[in-house]
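See below for the structure under consideration.
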Amino acid sequence: MRPLTRPSLVLAIAVVVVALPAAASGALSGPAAPAANSTTYQDSVGEDPAGPDITTIVTSNDDAGTITFRINVPNRQQLTQDLVTILEIDSDANQATGDPDNFGADFILQYILGEAILFKWNGSDYALSATQSSLTSSWSSGPTFKINASALNNTRRFAFDALVVSGVVFDQTTGAIDCTNCKRDFSPLIGLYPYQLQITKPTLVVKSLRPTPAKPVAGRPFTLRLVAARSDTGAAVQNGRVTCVGRLGSARLKAQVQRVQGGAATCTWNLPATAKGKTFRGSVSVAFEGLKASQSYAGKVR
């Protein structure tokens, strides 16, 4: 059953479950212990011994822009059918835009009956977001959500809050919500938590430089093959612009082959028969999508 794929039911959750205390303001709550690419937010504990109790939220991101929300609820080790988790996400950290009743939220992420669903504010209501593919979820003493920033309007700075509710009953026929016995824990109790993504610009990393033959030989072709990979994905460069520079002493040699082939930036020079005893110096560079890698080589010609 998917009880909350319809906007009307999203509003029902917003009214029945997500309504914040009357004293709440739009102020941003600060993180407790920031670290590179990861921030831990401490929540107050023990408000209701019978309800779910959020202790911390750890939010982090990797260089591919995947954001992780880890909500720790130690007194709810297992996921049960009555548990609901809701994240309100202000993807532009601007409360003047988005849902005016929920601190400018642009998205609501809901975890209900073991399924995570993302909704997007359309100016008057929440509708099922078209960007669901990167969203994953799990539960172990609280929920963990992973979603790429591209699914949240390519956010680089956002604010959010979290709500965990127990005692929710769903009508199996109509999907109607009964919250008579609901117990709630909000984090933070007032305002939103701010988060800034930290993404290291990727580079091209040289994985290997292979000469063929192992030593340059006079009168024969000599090839250098450079394998480079992206630092963020580990994917080897399969195309790009290759630059080859070769010298014998002070004389420059023109490369006969200068391209990416077989996953390697390849440079081939024809060494003259008179090169024996001289030192060949060469370099291979590859540029792809604004990134560049290069490596030099020197060897005595046999």
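The values are calculated or read from the model by the stated rules, or taken from the named source; none is laboratory data. Quick caveat, the model's predicted, so the values are computed rather than measured. When we count neighbours, we look across all protein chains shown, and the Cβ atoms used for this are built from the backbone with ideal geometry, even at glycine. Only protein heavy atoms, including side chains, enter the accessible area calculation; ligands, DNA and RNA are left aside. Shrake-Rupley method; radii C 1.70, N 1.55, O 1.52, S 1.80 Å.
Let me check I've understood the local charge: for Ala228, count other residues with C-beta under 10 angstrom from its C-beta, Lys and Arg +1, Asp and Glu -1. What total comes out? Summing Lys and Arg as +1 and Asp and Glu as -1 gives +3.
When the helices of the chain are scored as -39500 (n - 2.57) per DSSP H run of n ≥ 4 and the total is divided over every residue, the value at 222 nm lands at -1000 deg cm²/dmol. Summed over all non-identical Cα pairs, the Kirkwood treatment of the chain gives a radius of 22.8 Å. The Cβ shell under 12 Å around Asp178 holds other residues with a net charge of -2, Lys and Arg each +1, Asp and Glu each -1.
Starting from the Cα of Val45, step 7 Å toward the Cβ, then list every residue of the range 62-89 with an amide N under 18 Å from that point. Label zone hits: 70-78.
In a DSSP loop and with at most 11 other Cβ atoms within 10 Å, there are no trypsin sites (Lys or Arg not before Pro) in the range 143-239. Solvent-accessible area of the range 176-298 (1.4 angstrom probe, protein heavy atoms only): carbon and sulfur portion equals 48 percent. Taking Cβ atoms as reference points and 9 Å as the exclusive limit, the residues near Thr279 contribute a net charge of +4, counting Lys and Arg as +1 and Asp and Glu as -1.
With respect to the chain, whose longest principal axis is taken over its alpha-carbon atoms, helix 7-16 is tilted by about 60°. Think of a 1.4 Å ball rolled over the protein heavy atoms: the range 138-260 then has 50 Å² of accessible area per residue.
Full extension of the chain segment joining Asn37 with Ser140 gains 34.9 nm, where the gain is 0.36 nm per residue of separation less the Cα-Cα distance.
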